[in-house]
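Every number here is computed from the coordinates shown, using simple stated rules; none is lab data. Keep in mind that what you see is a predicted model, and the values were worked out from it rather than measured. Methodologically, a virtual Cβ is constructed for each residue, glycine included, from the backbone with ideal geometry; neighbour enumeration extends over all protein chains shown.
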Amino acid sequence: MTFIFFVISLVITFSIIGYGFLINDFLKLKKIPTNLGLVGILGLFFLSIISNFTHIFIPHDYFHNLILIIFGLILLLYFKLGSKFKFSLNLLMITFSLLFIGLIMAKTNEDYSYYHLPNSLQFAQQKLQFGLGNLNHGFKHISSLFMLNSLFYLPFFDHYLFNLPNLIFLVFFVLFIVTEIYYRSNLNSNISNILLSLFLILFLSKFSRIAEYGSDIAGQIIVCIYLFYIFEIIYNENLTNDIKNNILKLSLLLLVFAITTKFILLIYSSFFLLTLFLVKKIIFFLIKFFFF
């Protein structure tokens, strides 16, 4: 049973990466060096958009979710089959396997039965309904994370995969940091590498159990990646204006994703506004953002 759970979790992770390559190609972020961890986060963002849209019309039932997962695997095969990807794939599998132990050993978050599970089940079994907050206060706590949970409502597993997004966020986060520190550290600014090291130590030590994640830590993981790119724009003098523009677009996307998981994370938009005033040729960037 544990092995089957591991295999389906890994298959879902691969499917998410397929969607990540799609949105990376659509937004033309190719000038930013490909990091499989970042591609995974982008895939989660794209799936959150899909889930919010489809929920208006249909529930996220078995059929809906199986179609999404299969299509993601097709996208994965279409976009990446090169040698570099195979190397990153090995790193992904090692990271996933090690962190998977934390999922099967941990209990659920204290708020899981209060509003995480009811919201996720509601999205999986029913299409959009109004007024549910009058029945239970927990239905007033909305997060894109619950929409992602509902996409993993699958035959045989039912709701037992609802905690999987927290694990996948952590896997992609660790993969992102390891790739940046060990394979691109010479291209990043020193302060960015220090920042990433501190983030890795913090998350692997403080948030060592899935039960501690709830609906908060996924958004903070996205914010950490967002802050890394903000620091790169400010402190990395080797970046061209064109690359900075691409990183700014990516930073804006990550910021929006973080806010959808927890609205209080809007406070981190102050870093984005500050960056706009610190970078050179601000008019150039504003024009680019207007078209974006």
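Here are a few things to note about the model shown:
- Our estimate of slack between Leu252 and Tyr78, defined as 0.36 nm per intervening residue step minus the Cα-Cα distance, is 59.9 nm.
- In this structure, the residue pairs whose Cα-Cα separation is over 20 Å, taken from Lys127/Lys262; Lys80/Lys244; Lys28/Lys80, are Lys127/Lys262; Lys80/Lys244.
- Virtual spin-label span in nm between Ile243 and Phe156, 7 Å along Cα→Cβ: 4.6
- The modelled label-to-label distance for the pair Leu66/Ser205, using points 7 Å beyond Cα in the direction of Cβ, is 4.6 nm.
- The length gained on full extension between Leu10 and Leu135, counted as 0.36 nm times the residue separation minus their Cα-Cα distance, comes to 41.4 nm.
- Put simply, the amide H of His60, placed in the peptide plane, has neighbours under 5 Å in Ala124, Gln125, Gln126, leaving out anything fewer than 5 places away on its chain.
- Residue list for segment 31-73, given a label point 7 angstrom along the Cα-to-Cβ vector of Phe263 and an amide N cut-off under 19 Å: 49, 52-53
- Using a Förster distance of 22 Å, the FRET efficiency for Leu274-Asn190 (Cβ separation, nearest 0.05): 0.60
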